[in-house]
């Protein structure tokens, strides 16, 4: 083999010394291995953070890159009672179909409030954007029966009007308030998982409670929707700090663990 030609093809100057002639084969193998290693190394997943609706700035702490995050957020909530969202959103852009999930280890509001953490897919970062989400509420607020909730805005600026589904907004819950004393039933943190599956423009929400299997969020309402969120929607984690209770200055810490399906 002509090592001079091989090294020249790799951008290495012509090998003249005896060292290069004696060790050329091993060096070439090393270079080829390194080249393959670099090309096959997966780029580390990097999430961006934004405080939609201009609340107090939150904080995103990376516990394990691409997997585990501690997120502090302020504001009010995303959708349902509001036409303009206010809260922290930590996201990546994703194309094509996907199936994402996350474990919610805990939710800690500064003061008693119906705080939430969840997964969301948005068309854009404007406060009134259409979106699809799946969330879980904290145990530190006793006036709420909806433990696991799928929320989706069908048209820009849409919100709940007392119906589970209208032309602008829809939502579904796991319990529908049919369980006696449902506000006393605790979410089994850290054994809480949320999931969203996208196939074309069809989105479906799921939750996993304790040791139970995955369930579609459809105890009351329909936890699925057909939405055009664009070719490369914003996909990530979010915090709704205050649905009921204190004002937007009240903060909440949500510990997101074991993210799956993000790319």
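The values are calculated or read from the model by the stated rules, or taken from the named source; none is laboratory data. Everything numeric in this text was worked out from a predicted model, so none of it was measured. Please note: Cβ atoms are built from the backbone with ideal geometry, for glycine as well, and neighbour counts cover all protein chains shown.
Determine whether residue 124 is assigned to a loop (DSSP other than H, G, I, E, B), under 18 Å from residue 219 (Cα atoms) and over 13 Å from the mean Cα position of the chain (by Cα).
Details: assigned to a loop (DSSP other than H, G, I, E, B): yes; under 18 Å from residue 219 (Cα atoms): no; over 13 Å from the mean Cα position of the chain (by Cα): yes.
Considered against the rule, which asks whether it is assigned to a loop (DSSP other than H, G, I, E, B), under 18 Å from residue 219 (Cα atoms) and over 13 Å from the mean Cα position of the chain (by Cα), residue 124 comes out as no.
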| task | Give me a count of the residues in the range 88-109 that are surrounded by 17 or more Cβ atoms within 10 Å (Cβ to Cβ) and not in a strand (DSSP E or B). | result | 1
| query | If you check every pair at least six apart or on different chains, which have Cβ atoms under 7 Å apart with a residue in the range 244-255 that is not assigned by TED's automatic domain parsing to the domain that holds residue 137 first and a residue that is modelled with pLDDT of 95 or more second? | reply | none
| Taking only pairs six or more apart or across chains, which ones have beta-carbon atoms under 8 Å, a first residue in the range 223-237 that is outside the structural domain of residue 101 (by TED's automatic domain parsing), and a second residue that is in a strand (DSSP E or B)? | none
| message | So residue 247 passes all but one of these: (1) within 20 Å of residue 186 (Cβ to Cβ); (2) in a loop (DSSP other than H, G, I, E, B). Which condition number does it fail? | response | (1)
